[in-house]
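One structure is given here, and the rest of the page talks about it.
The values are calculated or read from the model by the stated rules, or taken from the named source; none is laboratory data. As the structure is a computational prediction, the values presented were derived from the model and not from experiment. Backbone-built Cβ (ideal geometry, glycine too); neighbour counts: all protein chains shown. Ligands, DNA and RNA are stripped out before the accessible areas are found, and what is left, the full protein with its side chains, is counted by its heavy atoms. Shrake-Rupley method; radii C 1.70, N 1.55, O 1.52, S 1.80 Å.
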Amino acid sequence: LIADAGLYTPSDQIIILSPENVDSVLVNSTAALLVEFYATWCGHCVAFSPTWKTLARDIKEWKPAVDLAAIDCADEGNRKVCTNFGITGYPSLKFFPAYSSSEFKGQELKGFPRDTRGLRHYIIDKLETHTEAWPPACPPLETTSEAEVDNFFQTNNVKNLALVFENKDSYVGREVTLDLLQYENIAVRRVLDTEASLVSRFGVTDFPSCYLYSSFGNISRLKVLSEARTFYSYSLQRLPGVVRTGKPQIPITDLIKNSTLQEWRPFNKTRVYMSDLESALHYSLRVELSGHISISGDDLIALKKYINVLAKYFPGRPSVKSALKTVDSWLTQQETEIKYSDFRDVLDNTVQTSDAVLPEGVQWVGCQGSQAHYRGYPCAVWTLFHVLTVQAREMGSSDPQEVLQAMRAYVSSFFGCRPCATHFEGMAQESMNHVTSLSAAVLWLWSRHNRVNNRLAGDLSEDPHFPKIQWPSPELCPSCHGLKRTGEHSWNQEEVMTFLRNYFSSSRILTDYLQ
Ligand code: FAD
């Protein structure tokens with residue numbers, strides 16, 4: 001399924017260079033670029049590729065100012081490009097400032113750091129010493145002064161200024177500045193601990209710490225779980241009035257008045273709703289599958305696996321469970337090929353007795369979108385499979401990969417969003433086989449879902465009222481979040497596991513709005 005034979009695919013958020021696009025990407029770009037020249041056969045490149053991918057996810061918000069690219073020099077078609085850039089060893093990194101000319105061969109990064117944090121700092125150093133024209137989307141990274149702060153709102157069209165107070169060696173302020181670069185109504189500047197007048201005016205005692213200064217002159221300290229980059233950025237991106245560029249937030253009440261929504265069902269954003277899960281069943285079994293007139297081969301195997309995990313682990317009403325069991329036992333008897341109409345007949349006629357029912361129709365609740373084209377089915381598919389991985393763990397499935405492989409097969413054979421299926425299959429090929437316990441299966445799905453969230457944050461498909469975040473947020477699960485000794489964000493996986501087991505547990509699923 002994955003066409004690209006190199007170490008990266010387009011879903012890694014790394015620009016894949018080729019002779020066809022190299023000039024349009026590197027020459028006269030408004031963003032600076034850092035390019036990795038690698039060879040697929042080189043062990044060091046293979047070892048470095050996860051870092052490069054992690055870096056791409058980590059600095060995704062910086063793209064308008066600085067972007068990452070890669071080119072596979074082992075591909076014969078790319079040889080000329082690599083030779084032209086004077087590449088003789090792998091991996092090589094080259095920095096291309098914004099507005100580089102076609103003659104420019106890039107600045108080689110000798111002895112570059114091999115970790116995400118080191119590379120991130122390196123990129124900031126490079127941006128700061130950018131001698132040619134500054135990338136227009138890149139905000140100022142230098143420290144600010146009392147004079148600039150005093151005049152800030154006269155010269156900048158924003159409501160809030162976030163000031164990160166820190167020592168001179170800290171990169172937090174510059175990282176947060178770049179993390180916020182695609183957001184409106186907020187600007188970020190760093191202030192050094194030596195800037196005595198501002199330090200005393202804001203009453204700063206901790207370094208780093210972040211203060212908000214509003215255009216009305218109010219000063220408040222940003223409340224965060226930990227004084228670190230990820231927490232500052234997350235919190236600032238969610239301040240009232242701060243919006244992603246090009247994504248104005250229409251208040252939900254106005255949306256309802258405009259009747260873009262049929263009927264808004266108030267719900268608790270921190271809970272799972274059975275109505276979403278049953279709607280997902282209806283949609284997948286009666287709508288999505290109906291596009292397949294006959295089902296055989298791998299598709300039939302996929303359907304059998306899917307129905308089987310549903311029959312075993314769907315934590316539904318007794319009547320729904322009983323319906324799923326009936327469909328499962330019918331399906332196990334089918335051998336090489338089924339007609340969808342026969343399958344449907346089982347669903348609608350055999351099953352619909354008083355004690356076995358698969359409710360019809362969709363009624364999204366926790367998966368409602370602020371407009372009809374947002375959320376709904378894909379949201380419920382994720383939720384369904386998270387619930388199933390947790391249920392399989394609680395019920396002690398004998399196969400750690402059972403639910404994941406069923407999801408993989410269903411998505412690959414039937415999920416209507418084909419690019420989604422390709423991406424998901426890419427992640428499955430990469431690491432699903434490493435899952436060897438039921439807990440690891442729960443965590444695998446959680447972490448891959450977060451990868452998808454990272455890739456889609458800010459995308460057109462993102463509902464502005466439900467921004468894609470690294471989930472669960474610090475508010476939803478404070479203990480899930482921690483800091484490494486380096487100050488990098490880390491997930492406390494044991495706490496995440498506890499949280500997921502509770503969040504997706506069958507006993508917590510709400511049954512409001514069920515038909
Ligand atoms: P969703 O991402 O659908 O999440 C639903 C709910 O799950 C959230 O509201 C939250 O409560 C919870 N949640 C969020 N993150 C996590 C997590 N890490 N672990 C556990 N629970 C979590 N869209 C594309 O545009 N491109 C794609 O490549 C793509 N691939 C997809 C692959 C699959 C397998 C699926 C099911 C969907 C895919 N989608 C893709 C759709 C996309 O991921 C979202 O489902 C869709 O945009 C709706 O987003 P949402 O805001 O409802 O949140």
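With the requirement that a residue be among the aliphatic types (A, V, I, L, M) and closer than 18 Å to Glu227 by Cβ, what does the stretch 457-513 give you? Break it down into steps so the answer makes sense when it comes.
Going through the stretch 457-513, the residues among the aliphatic types (A, V, I, L, M) turn out to be 457, 460, 469, 476, 483, 496-497, 500, 509-510.
Within the stretch 457-513, Leu483 is the sole residue that qualifies.
May I ask you to say which residue of Val442, Val435 is over 19 Å from Pro10 (Cβ atoms), in contact with a Ser or Thr (Cβ under 8 Å, 6 or more places away or on another chain) and open to solvent by less than 50 Å² (accessible area, probe 1.4 Å)?
On the way: Val435 fails: in contact with a Ser or Thr (Cβ under 8 Å, 6 or more places away or on another chain).
None of the others qualify; the one that does is Val442.
Tell me, which helices (runs of 4 or more DSSP H) wholly within the stretch 409-503 include 3 or more residues that are of a type in the set (S, T, N, Q) and within 12 Å of the ligand (Cβ to nearest atom)? Before the answer, list the steps.
Numbers: elements: 418-431, 438-456, 493-503.
Those helices (runs of 4 or more DSSP H) span 438-456.
Is one or more of the residues making up the stretch 7-17 under 24 Å from the mean Cα position of the chain (by Cα), free of Cβ contacts under 8 Å to residues at least 40 places away in the same chain and closer than 30 Å to His489 by Cα? Explain how you work it out, then say what you get.
Going residue by residue through the stretch 7-17, those that are under 24 Å from the mean Cα position of the chain (by Cα) are 7-17.
Next cut, free of Cβ contacts under 8 Å to residues at least 40 places away in the same chain only: 10.
If we keep only those that are closer than 30 Å to His489 by Cα as well, we get 10.
Looking for residues that are under 24 Å from the mean Cα position of the chain (by Cα), free of Cβ contacts under 8 Å to residues at least 40 places away in the same chain and closer than 30 Å to His489 by Cα, one finds at least one in the stretch 7-17, hence yes.
Being open to solvent by 30 Å² or more (accessible area, probe 1.4 Å) and either touching a Ser or Thr at 6+ places or on another chain (Cβ under 6 Å) or without any contact (Cβ under 8 Å) to a residue 24 or more places away in the chain (or both): is that true of Ser398 here? Even if it seems obvious, please write down each step before you answer.
Values: open to solvent by 30 Å² or more (accessible area, probe 1.4 Å): yes; either touching a Ser or Thr at 6+ places or on another chain (Cβ under 6 Å) or without any contact (Cβ under 8 Å) to a residue 24 or more places away in the chain (or both): yes.
Here the answer is yes, as Ser398 does meet what is asked.
Identify, please: which residue in the stretch 116-137 is assigned to a loop (DSSP other than H, G, I, E, B) and touching a strand residue (DSSP E or B) at 6+ places or on another chain (Cβ under 8 Å) and is, among those, surrounded by the fewest Cβ atoms within 10 Å (Cβ to Cβ)? Break it down stepwise before answering.
Pass one, the stretch 116-137, residues assigned to a loop (DSSP other than H, G, I, E, B): 129-137.
Restricting the remaining residues to those that are touching a strand residue (DSSP E or B) at 6+ places or on another chain (Cβ under 8 Å) gives 130, 135.
Working: His130: 19, Pro135: 22.
Taking the candidates together, the pick is His130.
Name every residue in the stretch 335-376 that is within 16 Å of the ligand (Cβ to nearest atom), surrounded by fewer than 20 Cβ atoms within 10 Å (Cβ to Cβ) and of a type in the set (Phe, Trp, Tyr), in order of residue number.
Residue satisfying the conditions is Tyr374 alone.
Kindly list the number of the only condition in (1) out of contact with any Gly (no Cβ under 9 Å at 6 or more places or on another chain); (2) surrounded by fewer than 19 Cβ atoms within 10 Å (Cβ to Cβ); (3) within 22 Å of Ala409 (Cβ to Cβ) that fails for Ser319.
Among (1) out of contact with any Gly (no Cβ under 9 Å at 6 or more places or on another chain); (2) surrounded by fewer than 19 Cβ atoms within 10 Å (Cβ to Cβ); (3) within 22 Å of Ala409 (Cβ to Cβ), the lone unmet condition for Ser319 is (3).
Starting from the stretch 403-423, take each residue that is more than 24 Å from Gln391 (Cβ to Cβ) and free of Cβ contacts under 8 Å to residues at least 24 places away in the same chain and list its partners that are assigned to a helix (DSSP H, G or I) and near the ligand (Cβ under 10 Å from one of its atoms), counting only C-beta distances under 9 angstrom and pairs at least six apart or across chains.
Cβ pairs passing all conditions: Pro419/Ser11.
Among the residues that make up the stretch 290-301, is at least one of them of a type outside the set (A, V, I, L, M, F, W, C), within 28 Å of Glu263 (Cβ to Cβ) and surrounded by 21 or more Cβ atoms within 10 Å (Cβ to Cβ)?
no
If you scan the stretch 54-95, which residues turn out to be open to solvent by less than 20 Å² (accessible area, probe 1.4 Å), over 24 Å from His121 (Cα atoms) and in a helix (DSSP H, G or I)?
Asn78, Val81, Cys82
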